[in-house]
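To keep things clear, I will list the structure first and then write my remarks on it.
Since every read-out is calculated from the coordinates, none of them should be taken as a lab result. The structure presented is a predicted model; accordingly, all values stated were derived computationally and were not measured. For neighbour counting, all protein chains shown are included, and Cβ atoms are generated from backbone atoms with ideal geometry for every residue, glycine included.
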Amino acid sequence: MTNVAIDESLIFTYEQLSGRLMDNETLIYRVAKAFLKEMPEQVDQLRGCVKNKETKEIALLAHKIKGSSAIIGAIRLSRVAGKMERAGREDDKDVLTGHLTELEQSVIPVIEMMEGIVAKADC
């Protein structure tokens, strides 16, 4: 069995988010709520654009996802969205499905953490 090195800087943690938002619990909650509202919609739109091979729209949506995920410290998600953005700009339709799958996998832990933040604050 091969040991796979994990780049710790790519793991999204509450501590990173909190540090980026100056430990402001109200701001963390608002960012989490906004992320949970917008990100699933953006991923759904991106999915449709990939299906229809709309590379210009893919580049725009992926750019938005890249930026919003970088701001909160979800670096892995941001990097994958960056790959999708480049593929869209370069009209490289062959790699888009693979990048979409990777993006969908990368967004799951971020959404789960954001759901936990909202649930904790709503208690």
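Counting charges near S106 (Lys, Arg +1; Asp, Glu -1) among other residues having Cβ under 11 Å from its Cβ returns a value of +1. Placing +1 on the Cβ of each Lys and Arg and -1 on the Cβ of each Asp and Glu in the range 24-122, which of T101, G67, N52 has its Cα farthest towards the positive end of the resulting dipole? Of the candidates, G67 comes out farthest on the positive side.
Between A81, A62, A32, the residue with the greatest mean-square fluctuation in the GNM of the chain (Cα pairs under 10 Å linked by springs) is A32.
The packing ranking of peptides 108-120, 63-75, highest mean first, is 63-75, 108-120, where packing means the average number of other beta carbon atoms within 10 angstrom of each residue.
The alpha carbons of the chain stretch over 44, 39, 21 Å along the principal axes, in descending order. The length gained on full extension between Y14 and R89, counted as 0.36 nm times the residue separation minus their Cα-Cα distance, comes to 23.8 nm.
Quick one: pull the percentage of alpha-carbon pairs in the range 60-121 with a separation above 18 Å. That fraction is 36 percent.
Per residue, the average separation of C-alpha pairs within less than 8 Å and at least 6 apart gives the range 24-122 a relative contact order of 32 percent.
For the chain, what does the helix formula give at 222 nm: sum of -39500 (n - 2.57) over DSSP H segments with n ≥ 4, over the residue count, nearest 500 deg cm²/dmol?
-26000 deg cm²/dmol
Residues of the range 55-94 with an amide N closer than 18 Å to a point placed 7 Å from the Cα of A34 along the Cα-to-Cβ direction: 61-75, 78. Distance between the pseudo-spin-label points of E112 and E25 (7 Å out from Cα toward the beta carbon): 2.5 nm. Charging the Cβ of each Asp and Glu at -1 and of each Lys and Arg at +1, and nothing else, the dipole of the chain about its Cα centre rounds to 280 debye. Please state the shape class of the range 49-90: rounded when a/c is under 1.5, otherwise prolate if a/b exceeds b/c and oblate if not, all from the C-alpha gyration tensor. Taking the square roots of the gyration eigenvalues as a ≥ b ≥ c, the range 49-90 is prolate.
Please go through the residue pairs K51/K83; K37/K120; K37/K64; K33/K66; K33/K83 and name each one whose alpha carbons sit more than 21 Å apart in this structure. Long pairs (Cα-Cα over 21 Å): K33/K83. Distances between placed amide hydrogens fall under 5 Å for G73 paired with no residue 5 or more residues away or on another chain.
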